[in-house]
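Student: One structure follows; several queries about it will come next.
Throughout, read-outs are computed from the coordinates displayed, never taken from laboratory work. Being a predicted model, the structure only gives us computed values, none of them experimental. For neighbour counting, all protein chains shown are included, and Cβ atoms are generated from backbone atoms with ideal geometry for every residue, glycine included.
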Amino acid sequence: MNKSEYRKHDGLALSELLRDRHLTPLELMDCAIECGEEANRKLNILSYTAYEQARERARRSTLRGQFGALPLLLKDSGLAYPDLPNSFGSRLFADLKINFYSTLTERFIEDGFIPFGRTTVPEFSMAPTTEAVQNGGPTRNPWNLAHSSGGSSGGAAAAVAAGVLPIAHGSDGGGSIRIPASCCGIYGLKPSRGLIPTGPARGEGWGGLATDGVLTRSVRDTAAVLDGVAGMEIGAPYASPPKEGSYLFQLHKPFEKPLRIARWNVGFDDIPIHTECFEAVDKATRVIESLGHEVVDAALPQIQFSKFVEAQISVMAANVTLSVNGKVRNDPGSGWEQKLEPALLDAYRFGAGLSAEAYALAITRFHTIGRQLETYIADYDFILTPTLMQPPAKLGTISTQDDFHTFRRNISRYATFTAIINASGQPAASLPLHWSSEGLPIGVQLIAPFGHESRLLRLSAAIEATAPWFDKVATL
């Protein structure tokens, strides 16, 4: 199979070719590695690779699960897999080995995936752009090399958009799947809190903000992945939302009645929305209305946004302190401070002085937003927003050279509508429906009630069928 033919297929289509013996797992892995190396030279998407181990696994593989023996890239965010080191995008943690499998990695493998590398992230996955010093340079947007691919799953999104592979692992603690999906013109769904396992070594990430997921070029691939990896894990601190059968099986099930969808046209605290992002929402509105549904302009919920941003800063800083202390506690005089970027070193120091009261208040604010948003959406079936307030940022414009508070407040003006959904725990997806006058992707976000991934995927699939995006693959 040549690269051009390879890029015409999504993950499920490639798995069918494997089962029909039109190609072997090793041929498929070789193709993914070749595409990955080509894209990495231009985009800087890979932090670690394990090509020979992956080839050997492909050579010995028997087809399993839904995907047979499909190549997969894992985000460099610490998802445990012994064949691949980790760095978390930080020089302080470079080449860290974790010698066990996470529950999610085990489920990926059982469903037919073979990991062959890790994708680049910003330091500690804290930014909406992927420019960590540890990566040796920025990860570039495959549609315009002067712009960011997004973050924190920036390497993953760029890899999928460039046709390296149809599915890549990502994670999302403030928009880190949806932001790069928007920047790179692909589909990215953040699952409900508790749906995706986090164990065995971790109970939650960032006070319940973070979850894992995937970035894909087709909605059906995301549905199939959730069928394979979602669900309760023994000992998890959150119950998994109940599933109504297979997400993939229900994907094209019609809705019982027309949907009512709230549209947000203004930002919290009057944060401005770029004209191109308005146009993306307008296009989404026309597509949704053509499907027979109603879109209504709605007032924002009464969320105290600036206080939420401060709560997010507190929880993220506390987690930086926890991670760094776990690394340096036994070697405090090693000069480790020089291995952190300025904003993250400032986060460490702020987190070290954070009071227990301030942390508890931050968690309380997250819970308040969860109740507010779930109450708000009870009057609607979905919420429609721009994914980002601006087109994909130019490289260097969101900088870790700032102090941590300034850095995170700047992010809140760029990704205003993403992180609050991490606080609420609801599912949300970015759909690639619009392209700017400069040829850059502009995503729109659909937010669903808690646990309603099936309905979110069904509407996403209907929109995809009406305004398809799969054939848009970046040419490098």
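Student: To the nearest 20 Debye, how big is the dipole of segment 11-57 about its Cα centre, given +1 on the beta carbon of each Lys and Arg and -1 on that of each Asp and Glu?
Tutor: Dipole of segment 11-57, to the nearest 20 debye: 120 debye.
Student: Need one number: nm distance between label points at T24 and H274, each 7 Å from Cα along Cα→Cβ, rounded to one decimal.
Tutor: In this crude spin-label approximation the distance works out to 4.7 nm.
Student: For segment 74-182, state which trypsin sites (Lys or Arg not before Pro) are in a DSSP loop and have at most 11 other beta carbons lying within 10 Å of their beta carbon.
Tutor: Of the trypsin sites (Lys or Arg not before Pro), the ones in loops of segment 74-182 whose Cβ has at most 11 other Cβ atoms within 10 Å are K97.
Student: Calculate how many DSSP beta bridges within the chain are antiparallel, expressed in % of all such bridges and rounded to the nearest 5.
Tutor: Around 70 percent of the beta bridges assigned by DSSP in the chain are antiparallel ones.
Student: Choose one of P200, L373, S61: the residue whose Cα lies farthest towards the positive end of the charge dipole of the chain (beta-carbon charges +1 Lys, Arg; -1 Asp, Glu; about the Cα centre).
Tutor: S61
Student: Restricting things to alpha carbons, find the Rg to Rh ratio for segment 347-474 using the Kirkwood radius for Rh.
Tutor: A ratio of 1.03.
Student: Now for a separate question. When M316, M29 are ordered from fewest to most other Cβ atoms inside 10 Å of their Cβ, what list results?
Tutor: If I rank by nearby Cβ atoms, fewest first, I get M29, M316.
Student: Would you give the gap between the C-alpha center of segment 159-207 and the C-alpha center of segment 9-40, rounded to a whole Å?
Tutor: Between the Cα centres of segment 159-207 and segment 9-40 lies a distance of 22 Å.
Student: Place a point 7 Å from the Cα of K472 along the Cα-to-Cβ direction; which residues of segment 422-463 have their backbone N under 15 Å from it?
Tutor: 430-445, 463
Student: Follow-up question, since we're still on this one. Write down, largest first, the equivalent ellipsoid semi-axes of segment 151-300 in whole Å, where each equals the square root of 5 times an eigenvalue of the alpha-carbon gyration tensor.
Tutor: The three semi-axes for segment 151-300 are 27, 20, 18 Å.
Student: Can you find, among G188, L209, L322, the residue farthest towards the positive end of the dipole of the chain? Put +1 on the C-beta of Lys and Arg, -1 on that of Asp and Glu.
Tutor: After comparing all options, I get L322.
Student: Another question about this same structure. What is the spin-label model distance, in nm, from E438 to S399 if the labels are put 7 Å beyond Cα along the C-beta direction?
Tutor: Going by the 7 Å Cα→Cβ label model, 1.8 nm.
Student: Then there is this: Please list, in chain and number order, the residues 5+ apart from G205 or on another chain whose amide H is under 5 Å from its amide H, with Hs placed from the backbone.
Tutor: Placed amide hydrogens put A210 under 5 Å from G205.
Student: From the phi of every residue in segment 56-72, what ³J(HN,Hα) in whole Hz does the Karplus formula 6.51 cos²θ - 1.76 cosθ + 1.60 yield, where θ is phi - 60° and glycine or proline is x?
Tutor: Values per residue, Gly and Pro as x: 5, 5, 5, 4, 8, 6, 10, 5, 9, x, 7, 10, x, 7, 9, x, 9 Hz.
Student: E16 to K327: extension gain in nm, 0.36 nm per residue of separation minus the Cα-Cα distance?
Tutor: Extending this stretch completely gives an extra 107.5 nm.
Student: Can you compute the modelled spin-label distance between T62 and A239, with each label point 7 Å from Cα toward Cβ, in nm?
Tutor: Result: 3.8 nm between the two label points.
Student: Over the C-alpha atoms of segment 53-182, what are the Rg and the largest Cα-to-Cα span, Dmax, in Å?
Tutor: My reading of the Cα-based Rg and Dmax gives 14.4, 42 Å.
Student: Give me the number: length gained by fully extending S4 to E374, i.e. 0.36 nm times residue separation minus the C-alpha to C-alpha distance, one decimal in nm.
Tutor: 128.8 nm
Student: Give the Debye-formula value of log10 I(q)/I(0) at each listed q (0.14, 0.16, 0.23, 0.24 Å⁻¹), with one equal scatterer per alpha carbon of segment 239-331, two decimals each.
Tutor: Debye curve over Cα of segment 239-331, log10 I(q)/I(0) at q = 0.14, 0.16, 0.23, 0.24 Å⁻¹: -0.89, -0.97, -1.12, -1.15.
Student: Still on this structure, please answer the following. For the chain, what is the charge dipole size about the Cα centre, in debye to the nearest 20, if Lys and Arg each add +1 at the Cβ and Asp and Glu each add -1 at the Cβ?
Tutor: So the dipole magnitude of the chain works out to roughly 320 debye.
Student: Going 7 Å from the Cα of S290 along its beta-carbon direction, which residues of segment 439-460 have the amide nitrogen within less than 18 Å of the resulting point?
Tutor: Only 442-445, 459-460 pass the distance filter.
Student: Sorting S149, S306, S192 on the 10 Å Cβ count, fewest up front, what's the list?
Tutor: S306, S192, S149
Student: Work through the residues other than G154 whose Cβ is under 13 Å from its Cβ and net out their charges, Lys, Arg +1 and Asp, Glu -1.
Tutor: My count for the surroundings of G154 gives 0.
Student: When N is the residue count of the chain, what does its C-alpha Rg come to as a fraction of 2.2 N^0.38 Å?
Tutor: 0.90
Student: Further question on the same structure: Could you rank the peptides 400-412, 218-230, 270-282 by their average count of other C-beta atoms within 10 Å per residue, with the highest value first?
Tutor: Highest to lowest by the protection proxy: 218-230, 400-412, 270-282.
Student: Still on this structure: Based on the mean of other beta carbon atoms within 10 Å per residue, what is the order of 457-466, 179-188, most packed first?
Tutor: Output ranking for 457-466, 179-188: 179-188, 457-466.
Student: Taking Cα centroids, how far is segment 339-375 from segment 404-418 in Å?
Tutor: Result: 14 Å between the Cα centres.
Student: Between segment 84-118 and segment 273-301, what's the alpha-carbon centroid distance in Å?
Tutor: Value for the Cα centre distance between the two parts: 38 Å.
Student: Identify, among S355, S47, G451, the residue whose Cα sits farthest towards the positive end of the charge dipole of the chain, taking +1 on the Cβ of Lys and Arg and -1 on the Cβ of Asp and Glu, with the dipole about the Cα centre.
Tutor: The residue sitting farthest along the positive end of the dipole is S47.
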